Amino acid sequence: MGKRAGTGRAPGEFYDPERREVAAHIEWQKQGAWVVIWGPYTRRYWAFACWPLPEGGQVVSASDPDELYTEMRRVEREGKYLKWRYGRRQPQRRTGS
């Protein structure tokens, strides 16, 4: 299958710059905890967790950003993401006055 002149893509390949921008924005919002991409072949968003998880890690996918956020939050809860990200907070000591 040859490439279309001037595009660098084969016929039928999807570029979807808007969806790629959405994926980049979601990754930016998650501050390095996830790598997020748009899969032009699968037509889905994919998110790869980047914090310490059991072997095999965690990958989620969804057809739209809202569904992806829902799946990412579920994994964050199950994977104890907030504890890893912020650590265990020490209780503040009260000083007598």
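The values are calculated or read from the model by the stated rules, or taken from the named source; none is laboratory data. Computed from a prediction, not measured in an experiment: that's the story for all the values here. Cβ atoms come from the backbone with ideal geometry, glycine included; neighbour counts cover every protein chain shown.
General remarks:
- Just so you know, in region 52-72 the residues that are in contact with a strand residue (DSSP E or B) (Cβ under 9 Å, 6 or more places away or on another chain) and in a loop (DSSP other than H, G, I, E, B) include one that is surrounded by the most Cβ atoms within 10 Å (Cβ to Cβ), and it is Gln58.
- Every pair of residues 6+ apart whose Cβ atoms lie under 6 Å, when the first sits in region 16-39 and is within 22 Å of Gly79 (Cβ to Cβ) and of a type in the set (A, V, I, L, M) while the second is assigned to a strand (DSSP E or B) and at pLDDT 95 or above: Ala23/Val36; Ala23/Ile37; Ala23/Trp38; Ala23/Tyr45; Ile26/Val36; Val35/Phe48; Val36/Ala47; Ile37/Trp46
- Screening Arg94 on (1) within 15 Å of Ile26 (Cα to Cα); (2) at pLDDT below 85 shows it passes everything except condition (1).
- Subset of region 28-44 (residues that are loosely packed, with under 14 Cβ neighbours inside 10 Å and hydrophobic (A, V, I, L, M, F, W, C)): Trp28
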